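Visitor: If you scroll down you'll find the structure; I have some questions about it.
The values are calculated or read from the model by the stated rules, or taken from the named source; none is laboratory data. Note that the structure is predicted; figures quoted are calculated from it, not measured. Cβ placement follows ideal geometry from the backbone for every residue including glycine, while neighbour counts extend to all protein chains displayed.
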């Protein structure tokens, strides 16, 4: 009896009208480069924010561990970098340069950015935009944070008098990371559901 039930389930899942078991669970990839650990903390905050949303999966990886298959499997890609002279870290630049391009496999995936900087006005917004512009080259759909205070993504500041380098990242910045992750996850889930429910995706012969 169990074998019959399993067979019927497989027939449904892989029939023209069926959906893979996780088709309704978009995958959020949070990938980052971190030398001192600060960007890793922001990445974990982004992951935590995305996990606030029921119905998504979230993967957290360093850029050196992230493969082309990881990128192609993801519905949304969130990239984090420390600010290096108003630009991304060399490791992040090399990572983005390695993304698959032929055939546009990343087209229409969601993209977002977060950064950590060593001071106020130290190039954090420019670095966020550098990441988003690269994503646009790959045909991705980029989004920022949930309001006007973080239009290009999330950022954290260290090294200023009010945010000393020896202190942990301020909770205010970690909350920005969480809110970015949450918005990315909510948007990915909404787009995924709308796609699944589109009338033109109904199976069967058309007259």
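Visitor: Scan segment 170-195 residue by residue and report those that are in contact with a strand residue (DSSP E or B) (Cβ under 8 Å, 6 or more places away or on another chain), assigned to a helix (DSSP H, G or I) and either more than 18 Å from residue 30 (Cα to Cα) or modelled with pLDDT under 95 (or both).
Guide: 191
Visitor: Of the residues 114, 152, 95, which single one is modelled with pLDDT of 95 or more, assigned to a strand (DSSP E or B), buried (at least 21 other Cβ atoms within 10 Å of the Cβ) and in contact with a helix residue (DSSP H, G or I) (Cβ under 8 Å, 6 or more places away or on another chain)? Can you show your working first?
Guide: On the way: 152 fails: assigned to a strand (DSSP E or B); 95 fails: assigned to a strand (DSSP E or B).
Criteria check complete, one pass: 114.
Visitor: What tally of residues in segment 60-81 results from selecting those that are more than 20 Å from residue 115 (Cβ to Cβ), in contact with a strand residue (DSSP E or B) (Cβ under 8 Å, 6 or more places away or on another chain) and surrounded by fewer than 20 Cβ atoms within 10 Å (Cβ to Cβ)?
Guide: 2
Visitor: Looking at (1) over 17 Å from the mean Cα position of the chain (by Cα); (2) within 23 Å of residue 45 (Cβ to Cβ), which is the only condition residue 103 fails?
Guide: Only one criterion in (1) over 17 Å from the mean Cα position of the chain (by Cα); (2) within 23 Å of residue 45 (Cβ to Cβ) is unmet by residue 103, namely (2).
Visitor: Only residues that are within 16 Å of residue 31 (Cα to Cα) and either in a loop (DSSP other than H, G, I, E, B) or in contact with a helix residue (DSSP H, G or I) (Cβ under 6 Å, 6 or more places away or on another chain) (or both): list them for segment 117-139, please.
Guide: If the condition is that a residue be within 16 Å of residue 31 (Cα to Cα) and either in a loop (DSSP other than H, G, I, E, B) or in contact with a helix residue (DSSP H, G or I) (Cβ under 6 Å, 6 or more places away or on another chain) (or both), then 134 is the only one that fits.
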